[in-house]
Structures are given as structure tokens and as C-alpha cells.
Amino acid sequence: MADSDGRQVDSINHSTGKICKELTKEEKQRLRKEKKQHKKNKKDDRGPPEKEKEKEKASVLAPSKPATQSPAHKAAPVPVNASASESPVAAEKPAKSKAEQRAERRARQDTERASKQGKKEGGQQSASSKPKATPNELQPVVKRLPEHIQVDDPAALKKLAKKLERQQVRQINIVPLRSDYGYKVSLFSHLHQYSRKNPPTQQISIPATVIHPSIVRLGLQYSQGIIAGSNARSVALLHAFKQVIQDYSTPPNEELSRDLVNKLSPYISFLSQCRPLSASMGNAIKHIKKEISNIPSQCKEEEAKRRLQECIDSYINEKIILASEAISKYAIEKISDGDVILVYGCSSLVNHILCEAFEKQRKFRVIVVDSRPRLEGREALRRLVKKGIRCTYVLISALSYILPEVSKVFLGAHALLANGYVMSRVGTSQIALVAKAYNVPVLVCCETYKFCERVQTDSFVSNELDDPDDLIVTRNGKTHLENWQTVKSLGLLNLVYDVTPPDFVDLVITDLGMIPCTSVPVVLRVKNVDQ
Amino acid sequence: LDEYLRIREDPDVASAVAAIRSLLEFLKREQSETILGLRENMTKAIHRLEETDSSVAVSSGGELFLRFISLTSLEHPDLSQCKNVMIERGELFLKKISLSRGKVGKLCHTFIKDGAKILTHSSSRVVLKVLENAAADNKRFTVYVTESQPDSAGKLMAQKLCNLNIPVTVVLDAAVGYIMEKVDLVIVGAEGVVESGGVINKIGTYQMAVCSKAHNKPFYVVAESFKFVRLYPLNQQDVPDRFKYKADILKTVKDLNQEHPMIDYTPPSLITLLFTDLGVLTPSAVSDELIKLYL
């Protein structure tokens, strides 16, 4: 029924003859330069002080990069290289301006602009969706579907646009609405489907005063897939927020605790436009917002900022780094000598566990299962082989061939839902199913900050659609699918997540200990009581 | 230690209860100067007990006892005062758990209908209590007991049931599949209840559970709450060796592959309900209770 709605003509040149391949590093750099150029042009219209502010922000970015690099190092070598290539670009602009003056001027201009540009006209479509994990905090009476999975309903989108226009009085909210790309399979027409070739920053300009540049950079990194993986995304998000808090200054007659939260909302909408928020990111954002609103009003700004920075640091330390230590401790008990362990894709946690176990002199070998189009298993393979662990590499189609050899299956998770279902990379539920059929124990490793209150029993209702062009591949010089848009009855589906029922999972290892999959709501309850 | 052995001889007392009682005695006679030293001595005592009688129940009972008495912060400056508080709590704990068997019996006997045929495995005092309660309720039922080699505990159980005037038949361990179609329900005790909701019990329980699942008969487990233990076995192999074999065998024998294990693990998917003094639980609720007990 939603076929005609879902199909949208893409105005940006999706060059038909071009084969879609992964963006090389040069292209990423080029994109970033373009974005900065774009912003700079816009800046020239608004006058010099803005430009110097931008330079100052860029210089603040440069020293903060080493800080982001070391924790982001855990994620993948790619984001580190990407950000390293960016720092020479940023450092080109000399920045010796005084921070205080800039901040004051910025604050003044903020208030001026806020009063002047009361209602932004519809020229810049400022509809944005708020895909919170628990979406209905605003409408307590009627339970409605979150807006990001009502893409096929034009009435819902219009309602959203109107609501944001009303909000314009208080704040500038120029958040771009990315247009969907290509034909969407009807079963998933309620989800967004974006093309990686149209980054959200190319279509519109985002002035630095509306969205902090580090957030723009983060959004770009998400949408291009430079930062991928649940932990990596959350850590990058928290670091970007630290930067935002650093550069933030309370406007006069405003309280930090309230104003900062309002400032963060358009950033979050922007990020969700670049790539839908993960459950871990949602929980992190909730935590930060709670911390911000808990700041007592008589606290000085410097003190408050310092406190928030500490709070973010401790969150990262406790929930991610220390949690992974605790999880490895429990998991190593379950790895015995002579084990053959199967892993799927690249989970930072599972890789960490295996490396730790290897260091503790356990004798085991690993089978890495991989799947197209992401081929994340290669990254995991690289890391494990570097440690010296004996590995085998298969594609997921060879799963039932290799399973009789396997003694245990270790899986990572993107989120654990409140009814005990495990949401993870697509293909995980397949592995769990076949492992159950062969009576091989399945262990899921997941930190508690990824537990979310959502309930889902199938992979359709809430998922993520990746760029369909990823499925196009060139073999022997022939690309069969390159004209898939012209064939009206053909749709390419590139799903990102799927859900595994708890019957297939034998054990969940969390930082609180080893629990059965059905005890996830108990942990959630205990955590809520603690808070 | 001698205290423990003495208490052990009382056939009505579970090994865990005996362990806890002896730990209490040990605590009373203990001489350490600091709380940390006290804890260390207690842990050492528990290890000694485990060495003599390697059963899951002793280890779980010991650990729970330790947690229970040191649960809240002991802020009294005087050590002897602290010790008195701990001893008080220890007595309280002991009293509670001696009543637990009665509670379980009361809960479970309502599930036995008139004219039921019950299958049970080896000798369990809790199951005995349940059947006693049911008999006292004037219910008519017959019991099949497996022999449960290698120690023939089943015969002992049959004797006890005879004394209660309950019609009982002893069957071979291998005859479980044969007899399953005749019985209405299966009730077994447990040596330990693990975090996943599964149970550790005398060898032969697992195949009885598999059989009952195949015949769609309910499989009930009765256990007191002090048998909850913080293990999480994934399969039979994952159960630690120190529970599988008797303590003296562990010490003397070199190659454990030649020995017969004394216990096996029944996964939670095969268990219908667990009757404990905390109530009637499904296997997934066991983890909930454990989190409450230990966290």
C-alpha cells in the first residue's frame, strides 16, 4: 500500500554509470574539505567575527583530537586515521583569538538572532524526527509509534514539521531532513533509507552556531560508516558532547541546567538524521541529560562544566572500559582448553575477551564467520591473528558445515530488549538458530548500559536500512545490479539489525555476572531502583 | 570438624544444615581479632568442610551463611559485640532454614492429586516430607522409586516410604523410560539449584527429565532456598569436578575419567516448576531470586 509513497525521485545526481564502491580515504577527506568550504562561504556572508570563532573552534578541535584518538582507538583503526587526516586540514587556519571575547560575542549574537529570526520560514525544511528509544515521554496518554518509523505516513511528517516550527520561537532549529533514496521494499517502507553518497551536510548548510562542528563531524562519520560498532559510536558521541560542553557558555538570564539540555536537542536530532541512534547512545544521552538537569543552580559555570566532564569520563570508564574487564573475567571461566569458539562479525567486546583469554594461556581456536556487504569479520580476523590466535574464516553460508566442529558460540549484542530478545547485527539470529539445532551453547556478551526498555519480537517493526547500493558488487568486470533503479519491480534490501529470541541464547554475560536471557528485565528493574 | 561429623550422623538433617550448624559452632569458638581475620577463618573452615564432603549443598550453604551474617555493616567498635551480632544472625539463619523444609512440603503437597502415580529419584528428605504431608492429607497415591546406583539410595527411600504406609515400587534406573507412560508426575529433590534455573542432582536425574519431557509429564523439583548456588553450567561437562565426585576419590584417584560421576545437571528447559521456601517458581524466576539473594 505504501509503494507509491515510498518511491522518491532522487534529485541529487546519483550517477547511473558510476559503480558504488566504498569511499576511499581521499574521498572522505575531500568531502570534509568541501563541508568546511561550504561552511566557510556561509560564514563570509555573516562577517568576520564568526569566521574567527570557527577558527578558534577548529583549533580547540585539534588539541582535543589526541584525546579522542586514544579511546576511539579501541573502535577501529579507521576512525583514528580519518581524524588524523582531518587535523592537518583544521590546523591550516591560524587561531590565536581570545576565547573569552569570542564566547561573549557568540552569546550576544545568539540572543540577537534568537529574537530576530523568530519564526524560520519553511524554506529550510526543519522537520526532524526524534527517535528516542522510549519515544512517548511527550505524549503520556496516547501511545504512538515513534516518528522515525512512520516515514510512509505524510500526515505524521507534516505534524512533526509544524511542531518544530512552533519550537522555533525559543531556539533556532535548522536540522536538515534527509530525503530517502531509492525504492524501499514495502515491508520496510516505514523506515528511512539513505544513500551514503548524499551526506546530510552537502544538501544544506549548517552554521556552526546552530550545530557544533564536532557534532557535524560526528554525524558525518556516522553516516559514512567511519565510526561503526555500538561501543565506538557511544564513546565518540560522549567525547563530542564533552567538546560541546567545553565550548558552551550560558547565555545571560538562562540557567545552565535548562539551557544546555535545550541546546543538545537539535544536535541529537541532527545525529539521528545522519544515522538512527543506537540503544547504547540513547541510554548515554539519557544519562547526560539527567546529570545536566541535576546541576544545582548556584553552581558556577566553570565548576558545572568541570563536573559534567568528569561525569562523562566516569560514565565511559565505568560502563564501557571497566565493564569489559569484568565481562572478560567471567567469560574466561567459560573458555576451557581445547575449545573451538565461533564468533560473528566484529564485536569489540568479544575480541577483547578472546585476546584476554589468549593472554591467560587458554588453548583454543577461533572460527570467524562473516557476511556481506559489511564484511566486518575481516576486522575481527585481523585483530585476532595479530595476537597470535589460530583462526579460521568462513562466510555465513558455510555455517552448517562448520558447526559440528564448534564447542561454543560467542556473540556480541547491539542491545538487549526488555523481553529478553537480543538485538544484534543481521545474521546473529541465524547463527543462534543453527547452533541450537546442533546443541552448541550460545553465549551473548553485553554491557548493562546497552539494556533498553523496548520490547520487540520481530525484526520488522524497528530496524535500520542501510544504503542499498552496498549490495551491488562487481565480479569479473560485470556489475549486474547497477541499473537496479530502472527496474520497477526490483528492490534491494540491506538490513542492519535482527532480533534473536531468548530460547536460542543459553547465557548472557554482563558486568553484573552471568544471567539467563530471561533475567534482563530483572537487571533493568534493579538498575532503576538504584537510580 | 568433629562437630560436623557428629551432626551429620543425624539422618534427618541435610548436609548443608549440618555444615551451617558446625560453622556456627566454629564461629562461637573462634578467636580472631579483626573482622577480616574472622572472614578469612570462616572461608577456610568452609573449604575444610568442602574437602571432606564435596557436595554442592555444603558449598552453597556455607557461602550463603557467610553472606547472611555479614550482610549489613557491622559498625560496633568492639569486636566481641560484632561477633555476638553475627552469632545471633547465624542462629536466626539456622532457624529459618530448618523450617524451610516444612514450608516446601506444605506448598508442594497440593499438587499431588488423589490417585496419582509419582516417580521419584534416589533418596531426598524434602521429597519425603512432601509425600508425608500429602499422605497426612488423606490422599491416595503410589510411588515409584529408582534404585539409583551406585549407592542404592533408592532402596533406602523405599523403606522410609513403606514406614509411612505408602505403596511403593522400586524400579531399575534403566526402567525409567519404560515406567514413564504409567506415571502422572515426577518429583525430585536437588543438591543445588544453579543460576540458569537448572538443578544439580543425583546422576540419572537428567535422563528422567528428558524422558518426562518426551512424554509430556510435569517434572517438579523441590529444594530449599539455601541450595541456590552461583554456578552457571552450560552442559554436563561444565560442572566443576569437585562436585561430581566424592571428596576422597578426588584426593586419591589420578585419572578421573575412570570414575563415575555422582551428579548431573538438568537444564531449565526440562523443568516445569521449582518448589522452594520462597514460593513456587518457574526456572527463569530462579535467577531473579538469586539476584535478590546475592546482590
- prompt: Which of the residues spanning the stretch B:145-170 are in contact (Cβ under 8 Å) with a residue 24 or more places away in the chain, farther than 20 Å from B:Ala134 by Cβ and surrounded by 13 or more Cβ atoms within 10 Å (Cβ to Cβ)?
  reply: B:Glu147, B:Ser148, B:Gln149, B:Ala153
message: I need the helices (runs of 4 or more DSSP H) fully contained in the stretch A:321-413, keeping only those with at least 2 residues that are closer than 20 Å to A:Tyr449 by Cβ, at pLDDT below 95 and under 27 Å from the mean Cα position of the chain (by Cα).
response: A:323-334, A:348-359
message: So if I check each of A:Ile295, A:Ile268, A:Ile285, which one is farther than 22 Å from A:Ser230 by Cα and either out of contact with any Phe, Trp or Tyr (no Cβ under 9 Å at 6 or more places or on another chain) or modelled with pLDDT of 85 or more (or both)?
response: A:Ile295
query: What residue, among those in the stretch B:268-277 that are touching a Ser or Thr at 6+ places or on another chain (Cβ under 7 Å) and surrounded by 19 or more Cβ atoms within 10 Å (Cβ to Cβ), is nearest to A:Leu507 (Cα to Cα)?
result: B:Pro268
- prompt: Within the stretch A:299-314, is even one residue modelled with pLDDT of 85 or more, touching a Lys or Arg at 6+ places or on another chain (Cβ under 7 Å) and more than 14 Å from every other protein chain (Cβ to nearest Cβ)?
  reply: yes
statement: Those residues of the stretch B:127-144 which are surrounded by fewer than 17 Cβ atoms within 10 Å (Cβ to Cβ) and among the aliphatic types (A, V, I, L, M) amount to B:Ala136
field: Residues that are part of a helix (DSSP H, G or I) and either within 14 Å of chain B (Cβ to nearest Cβ) or closer than 27 Å to A:Val526 by Cα (or both), drawn from the stretch A:434-471
entry: A:Ala435, A:Lys436, A:Thr448, A:Tyr449, A:Lys450
- request: Identify the residue in the stretch A:479-513 that is more than 23 Å from A:Gly229 (Cα to Cα) and among the charged types (D, E, K, R) and, among all such residues, is nearest to the other protein chains (Cβ to nearest Cβ).
  value: A:Asp506
field: Selection status of A:Gly182, in contact (Cβ under 8 Å) with a residue 24 or more places away in the chain and part of a loop (DSSP other than H, G, I, E, B)
entry: yes
statement: Of the conditions (1) assigned to a helix (DSSP H, G or I); (2) in contact (Cβ under 8 Å) with a residue 40 or more places away in the chain; (3) of a type outside the set (Lys, Arg); (4) closer than 30 Å to A:Val422 by Cβ, the single one that A:Glu291 does not satisfy is (2)
field: A:Glu447 crowded, with 23+ Cβ neighbours inside 10 Å and over 26 Å from A:Asn494 (Cα atoms)
entry: yes
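From A:Leu271, A:Leu264, A:Leu277, grab the single residue that is in a loop (DSSP other than H, G, I, E, B), within 30 Å of A:Leu465 (Cβ to Cβ), among the aliphatic types (A, V, I, L, M) and not assigned by the TED database to the domain that holds A:Leu399.
Answer to the check: A:Leu277.
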- prompt: Any residue at all in the stretch A:514-529 that is within 14 Å of chain B (Cβ to nearest Cβ) and under 21 Å from A:Val434 (Cβ atoms)?
  reply: yes
- request: Go through (1) touching a residue at least 12 places away in the same chain (Cβ under 8 Å); (2) surrounded by fewer than 19 Cβ atoms within 10 Å (Cβ to Cβ); (3) not charged (D, E, K, R) one by one and return the number of the condition B:Asn216 breaks.
  value: (1)
- request: Answer with yes or no whether B:Lys292 is without any contact (Cβ under 8 Å) to a residue 24 or more places away in the chain, farther than 24 Å from A:Ile332 by Cα and within 14 Å of another protein chain (Cβ to nearest Cβ).
  value: yes
field: Options A:Ser297, A:Ser348; residue that is on the phi < 0 side of the Ramachandran plot, touching a residue at least 40 places away in the same chain (Cβ under 8 Å) and assigned by the TED database to the domain that holds A:Pro468
entry: A:Ser348
- request: For the stretch A:292-301, state whether one or more residues are surrounded by 16 or more Cβ atoms within 10 Å (Cβ to Cβ) and either under 30 Å from A:His192 (Cβ atoms) or hydroxyl-bearing (Ser, Thr, Tyr) (or both).
  value: yes
- line: Quick count over the stretch A:344-397, residues being hydroxyl-bearing (Ser, Thr, Tyr) and more than 20 Å from A:Ile332 (Cα to Cα), is 4
field: Residue within the stretch B:34-57 that is surrounded by fewer than 17 Cβ atoms within 10 Å (Cβ to Cβ), outside any helix (DSSP H, G or I), at pLDDT below 70 and out of contact with any helix residue (DSSP H, G or I) (no Cβ under 6 Å at 6 or more places or on another chain) present
entry: no
A:Val340 vs. criteria assigned by the TED database to the domain that holds A:Glu464 and farther than 25 Å from B:Ser196 by Cα: no
Candidate set: the stretch B:171-199, residues that are within 23 Å of the chain's Cα centre (by Cα), among the aliphatic types (A, V, I, L, M) and within 17 Å of B:Leu273 (Cβ to Cβ); chosen: the one surrounded by the fewest Cβ atoms within 10 Å (Cβ to Cβ): B:Leu185
message: With the requirement that a residue be among the β-branched types (Val, Ile, Thr) and under 25 Å from B:Asp238 (Cα atoms), what does the stretch A:393-418 give you?
response: A:Ile402, A:Val406, A:Val409
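Return the residue satisfying two criteria in turn: it lies in the stretch B:239-263 and is under 19 Å from A:Lys334 (Cβ atoms) and crowded, with 16+ Cβ neighbours inside 10 Å, and of such residues it is nearest to the other protein chains (Cβ to nearest Cβ).
B:Val239
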- request: Look at the stretch A:485-515 and say how many of its residues are part of a loop (DSSP other than H, G, I, E, B), modelled with pLDDT under 90 and either basic (Lys, Arg) or in contact with a Phe, Trp or Tyr (Cβ under 8 Å, 6 or more places away or on another chain) (or both).
  value: 6
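The values are calculated or read from the model by the stated rules, or taken from the named source; none is laboratory data. What you are looking at is a predicted structure, and each value in this text was computed from that prediction instead of being measured. Glycine gets a Cβ as well: all are built from the backbone with ideal geometry, and neighbour counts include every protein chain shown.
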